[in-house]
1. Give the order of E118, E69, E141, E126 when sorted by the count of other beta carbons within 10 angstrom, beginning with the fewest.
2. When the helices in the chain are scored as -39500 (n - 2.57) per DSSP H run of 4 or longer and the sum is shared across all residues, what 222 nm value do you end up with, to the nearest 500 deg cm²/dmol?
3. Of Q156, Q29, Q257, which is the most mobile in a GNM of the chain whose springs link Cα atoms less than 10 angstrom apart?
4. Using label points projected 7 Å from each Cα along Cα→Cβ, tell me how many nm separate T116 and S197, to one decimal.
5. Along the positive direction of the dipole of the chain (beta-carbon charges: Lys, Arg +1; Asp, Glu -1; about the Cα centre), which of V46, V246, L70 reaches farthest?
6. Over the chain, calculate the relative contact order: mean separation of alpha carbon pairs under 8 Å at least 6 apart, over the residue count, as a percent.
7. Would you mind getting me the FRET efficiency between V210 and R36? Use the beta-carbon distance for r and R0 = 41 Å, nearest 0.05.
8. Go through (1) 35, 27, 18; (2) 31, 21, 18; (3) 32, 24, 17 and flag the label whose value is the computed semi-axes √(5λ) of the Cα gyration tensor in Å for this structure.
Amino acid sequence: MVQVDVFTDRALTGNSLAVFLDGRGLSTQQMQDLAREMNLSETTYVLPGDAAAEKTRGVRVRIFTVQEELPFAGHPTLGTAFVLHGRRAAPAAPDSFDPDEVRLDLNVGTVPVRFTQEPAQPVFGEMTQKDPEFGPVHDAEAVARLMGLSAADFDQSVPIQTVSTGLPYTIVALRSLQTVQNLRLDLDGAAEYLARSGGKFFYFVCRETVDPKARLHARMTFYNGDDPATGSAAGCCAAWMVAHGVAASEERVLIEQGLEMRRPSRIFVRAKKQDNHVVNVRVGGNCVEVLRAEVTIPV
């Protein structure tokens, strides 16, 4: 297995990911148990298959959190693609694949990741997520009760809305950076609310940022802790930004995340507005390998 830090160009920052390079022979339960053993936000399993099928649909990959398998997640998609891209660049790698693109066959479908590199810069990967589905708009008072806030703490120029590019997030814009940093979410209440309203997780953002180059500061809490970088939520947020005028069509903007837990992450997003619809959602960043290991499962 390989462990990488995703959405960063510096080791020991960003969001960590364990990638098992050949998961064939592992049962679903073993995959879940290994993900729990890794104790990272997510763990992925590459399932090598027929080369012709991989060229069409992509390399089969399954994604697990410590609690469940997910149909899609952003930082595992980008991180796994980086690992596969590096292996294809090796001298012994076959030349039948596009060297600048890795296609992953996920439970949600095929997700392509394109790679570019500018002179004297690290490799940059950018995934194209599914076109967004815009869900319900939420009442600020109802959401405020879950975190001990008032409606006045929310950015009232944009809606609280659920958006999905494969996994539904409810985007909540708050007015101040301090409010985001001090956020205390009622996790049980949030889970109950989201189950009723069709979201999977809340994604909190504000326009006040630490890095002046960032468009939004973000924070996401799940499974009793903060997530350093949430690429799937960032894709939903990119669609939400373009739909509501926070970002222009095709404008690449930076979302900062993970600062509260000292794992700073840089997520670059963009989307296109076409005929009053948002399409072509892309989420990108860098990735750093930090660990290689072999895992033995006693029988």
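1. On the way: E118 8, E69 15, E141 11, E126 19.
With the sparsest Cβ surroundings first, the list reads E118, E141, E69, E126.
2. Numbers: 7 runs with 67 residues, N = 299.
About -6500 deg cm²/dmol.
3. Among Q156, Q29, Q257, the largest mean-square fluctuation in the Gaussian network model of the chain belongs to Q29.
4. 3.6 nm
5. Of the candidates, V246 comes out farthest on the positive side.
6. Values: 686 pairs, mean separation 61.1, N = 299.
Relative contact order here is 20 percent.
7. Details: r = 33 Å, r/R0 = 0.79.
So the FRET efficiency works out to roughly 0.80.
8. Step by step, semi-axes √(5λ) of the Cα gyration tensor in Å for this structure corresponds to label (2).
Read the figures in this text as sums done on the coordinates, not as results from a lab. Here the structure is a predicted model, which means the values were calculated and not measured. Note that we place each Cβ from the backbone using ideal geometry, even for glycine, and neighbour counts take in every protein chain shown.
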